[in-house]
Amino acid sequence: GTHHMRAAGVAGSRALMDETVDKQYSWETEYEKSWEEIREGEDGLLSTATSELQYKVKRRKLLELPANIKLGVMRHLFLILDLSRAMVAQDLRPSRLKCTLKMIERFIMDYFDQNPISQLGIITTQNGRTHKLTELSSNCQAHLNAVGSLLAKPCLGEPSLQNSIEMAARALKSVPSHASREILIIFGSLTTCDPGNIMDTIEVLCQTSTQCSIIGLAAEVNICKTICKQTQGNYSVVLDEQHYGTLLTQQCRPPAAKVFNHHCY
């Protein structure tokens with residue numbers, strides 16, 4: 001009896017909270033209001049039922065997307081992670097690197113949840129060099145394991161935007177034209193160590209209809225703005241952890257249908 005009364009009290013207080021919750025975040029409360037719906041899954045686990053419920057909420061959000069979003073598009077996305085010394089900064093908790101790896105794990109799961117026929121690959125950059133951590137594939141667990149392995153990796157030197165973008169562009173070249181070619185860069189540094197003229201690299205992205213988006217962790221960097229503008233990607237600098245999560249969630253959505261100029265101006 002007491003359990004039911006407590007549950008009712010909690011539900012009542014939640015209802016009061018709901019009225020003050022900003023509309024933008026009202027979807028978060030859908031999980032909390034739905035404990036009544038949770039039953040054991042077929043395997044006897046509550047977690048199965050919970051994930052089914054989460055899927056319903058996500059599905060509902062997907063149906064609210066703008067008209068120019070192509071839901072059936074087969075996405076091919078390379079995630080580039082800055083592992084330069086800038087990632088040891090503690091303006092994100094507990095550090096930029098640890099916060100990023102936690103956020104990226106969630107991003108990978110959401111990406112495959114919302115884009116089930118798509119592929120992902122991961123590249124890291126530090127000391128002016130790049131390393132392909134995982135090949136393009138739809139193996140969610142392999143990507144999660146690879147990201148987990150970066151926790152023990154030291155953050156060194158400067159990143160190279162040019163080297164990492166060119167490595168991603170080469171791997172995306174073989175992607176069929178009906179599928180999307182995308183690059184998402186998590187960039188903590190304010191500088192980049194590049195061997196040549198990065199404008200030539202941007203030109204290659206335009207010619208191959210490769211969209212490049214960047215999430216900056218420090219401050220606005222002019223070359224990042226240029227790359228994203230020319231390739232029709234998005235450039236944002238995070239304000240805090242919550243904003244970081246929101247920016248990554250936006251990247252999980254299928255990209256809008258775009259017409260590319262095959263030459264940058």
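The values are calculated or read from the model by the stated rules, or taken from the named source; none is laboratory data. Since the structure is predicted, the reported quantities are computational estimates derived from the model, not experimental observations. Note that each Cβ is placed from the backbone with ideal geometry, even for glycine, and that neighbours are counted across all protein chains shown. Just the protein is used for accessible areas: all its heavy atoms, side chains included, with ligands, DNA and RNA removed. Shrake-Rupley method; radii C 1.70, N 1.55, O 1.52, S 1.80 Å.
Can you tell me which residues in region 104-127 are open to solvent by less than 40 Å² (accessible area, probe 1.4 Å) and in contact with a Gly (Cβ under 6 Å, 6 or more places away or on another chain)? Before you say what the answer is, go through the steps one by one.
Start the filter on region 104-127 by keeping residues that are open to solvent by less than 40 Å² (accessible area, probe 1.4 Å), which leaves 104, 107-108, 110-112, 114-115, 118, 120-126.
Of everything in region 104-127, just one residue is open to solvent by less than 40 Å² (accessible area, probe 1.4 Å) and in contact with a Gly (Cβ under 6 Å, 6 or more places away or on another chain), namely Q126.
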Yes or no: region 41-55 includes at least one residue that is modelled with pLDDT of 55 or more, part of a helix (DSSP H, G or I), among the aromatic types (F, W, Y) and open to solvent by 100 Å² or more (accessible area, probe 1.4 Å). yes
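Within region 85-124, can you find the residues that are in contact with a Phe, Trp or Tyr (Cβ under 9 Å, 6 or more places away or on another chain) and outside any helix (DSSP H, G or I)? Before the answer, list the steps.
In the first step, residues of region 85-124 are kept if they are in contact with a Phe, Trp or Tyr (Cβ under 9 Å, 6 or more places away or on another chain); the result is 86, 92, 99-100, 103, 113, 118, 120-123.
Within region 85-124, L92, S118, L120, G121, I122, I123 qualify.
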Which pairs do you get when a residue that is among the small types (G, A, S), found in region 225-246, comes within reach of a residue that is surrounded by fewer than 18 Cβ atoms within 10 Å (Cβ to Cβ), reach meaning Cβ atoms under 9 angstrom, with the pair 6+ apart or on two chains? S236/H243; S236/Q250; G245/R106
Return the residues of region 148-166 that are part of a helix (DSSP H, G or I) and touching a residue at least 60 places away in the same chain (Cβ under 8 Å); say none if nothing qualifies. L150, L161, S164, I165
Return the residues of region 168-187 that are at pLDDT 95 or above and crowded, with 21+ Cβ neighbours inside 10 Å; say none if nothing qualifies. A168, L172, R181, E182, I183, L184, I185, I186, F187
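Mind telling me which of the residues R75, R96 ends up being in contact with a helix residue (DSSP H, G or I) (Cβ under 6 Å, 6 or more places away or on another chain) and either closer than 16 Å to S180 by Cβ or modelled with pLDDT of 95 or more (or both)? Before the answer, list the steps.
Details: R75 fails: in contact with a helix residue (DSSP H, G or I) (Cβ under 6 Å, 6 or more places away or on another chain).
Selected residue: R96, the only one of R75, R96 that is in contact with a helix residue (DSSP H, G or I) (Cβ under 6 Å, 6 or more places away or on another chain) and either closer than 16 Å to S180 by Cβ or modelled with pLDDT of 95 or more (or both).
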